[in-house]
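In what follows, a structure is listed as structure tokens, so that the remarks can point back to it.
The values are calculated or read from the model by the stated rules, or taken from the named source; none is laboratory data. Just so we're clear, the structure is a prediction, and the values are computed from it rather than from any experiment. For accessibility, only protein heavy atoms count, side chains too; no ligands or nucleic acids. Shrake-Rupley method; radii C 1.70, N 1.55, O 1.52, S 1.80 Å.
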Amino acid sequence: MLQEKLGECDWDIIKKVKQQLKIPIFANGGIENFEDCKRCMAHTGVDGVMVSEALLENPALFSGKTIDNLDLADEYIEFFHKYKHDPVGGFAAKGHLYKLLYKDLCYYTDLRNNMNKANIEYLLTVPGIIRKRREEEKSTEKIKAMGTWYRRHRNRAIENEKRQRAKEAKLQAERKKTEDEDDHFLSNFFDDTDDDGDE
């Protein structure tokens, strides 16, 4: 999968481009939060930054404020009811809510599984269900520690790379063992042959 080959954005290259050109330059990539926006602009000297995936999880990213994702989801649902324009029966809302609620759904996997097969009416109740469960279970801090939507492919890529390295190390160990066994067999074979010839 292409996303699993993602690496970190190279801000040094963007900086070099900015230094060479006299037109406005915008950095695209490597932005997970507002602090990243500031760091990128300071490092590269660009005129602005473009953000996509991180905004899907946190539409308030550019405000620099920490806003609970459930409040953002509630506001999204208000807009959904107000404008009622989802020609594919809630498909877009499902994707948007999934990203807004990503950390919570990583923690409450039963809700994630329910969302995968739910209708729009159920989807719109999920933020309220999460809010209630957070309060009952005192799980807010645990949820904050979950990975972000932005990092999901990168984390998976790191895990895949670790698995690939372990697989290669295992194959190399098996090859070495086979070579050692072959060397041992051949050594014994020729030793036996030499013994037979001496008699």
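Across segment 25-91, Cα pairs under 8 Å and at least six residues apart give a relative contact order of 26 percent. For the residue pairs K117/K170; K38/K99; K82/K117; K38/K132; K38/K103; K65/K117, the C-alpha atoms sit more than 29 angstrom apart in K117/K170; K38/K132; K65/K117. Computed with every protein chain present, the accessible area of C106 is close to 40 Å² [probe 1.4 Å].
Each principal axis of the Cα atoms in segment 71-135 has its own extent, and those three values, largest first, are 31, 23, 17 angstrom.
With the Cα gyration tensor of segment 35-147 giving a ≥ b ≥ c as the square roots of its eigenvalues, does the rule (a/c under 1.5 for rounded; else a/b larger than b/c for prolate; else oblate) give rounded, prolate or oblate? Before the final figure, lay out the partial values.
Working: a/c = 2.29, a/b = 1.43, b/c = 1.60.
Judged from the Cα gyration tensor, segment 35-147 comes out oblate (a/c at least 1.5, b/c at or above a/b).
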